[in-house]
Amino acid sequence: MKTFLCSKTGSKSKKNSGVKAYSKIDLRTGCGAYIQFDVDGNGVWTVTKHEKAHNHKLSTKDKSHLLRSYRRVGNNQLSYLRDLKKSGVALADGIRFLKHQSGGSPLVGFTNRDAYNSLESDSLKSLDGTDSNSLIEIFRRRQYTEAEFELYWSSIEAVNLEY
């Protein structure tokens, strides 16, 4: 069974956890619209329950690009942004170019935050432990470089004291 709820389902709990530096706008309206599916052993989805009535206005077509279900950073876009970043171009400039190339923010298919999140998750997937081992080795060498420097410095001081 799988149930999909309206994004405005429920309401924010009124917990008072002290003074906050900012307050986030709550867009939830307690909407009861949902659709429920049963999925059989063959992967066939069948609608079992459905409540169509929303207690709010639906998003207009000119704002639909802001809905999470409509946003996605494509593989080509992600590859392009990754290459620009490797070349030293700021990510914001790459995103700005993609928006310009596609005809504006609504047509690019994602927000700036989506692009940043996609690149971050992409880089986290590529970590396999070798990076951390390399970093440990670099610090180990520096600590040895440091020990060698102290030894060399103390020998120079000893020579200077003899004069």
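For the stretch 63-77, a residue qualifies if it is open to solvent by less than 100 Å² (accessible area, probe 1.4 Å) and either assigned to a helix (DSSP H, G or I) or at pLDDT 85 or above (or both), and the qualifying residues are Ser64, His65, Leu66, Arg71, Val73, Gly74, Gln77. Summed over the stretch 23-62, the residues that are polar (S, T, N, Q) and open to solvent by less than 70 Å² (accessible area, probe 1.4 Å) give a count of 4.
The values are calculated or read from the model by the stated rules, or taken from the named source; none is laboratory data. Predicted model, so just to flag it, every value in this text is computed and none were measured. The area values use the complete protein model at the heavy-atom level, side chains included, leaving out ligands, DNA and RNA. Shrake-Rupley method; radii C 1.70, N 1.55, O 1.52, S 1.80 Å.
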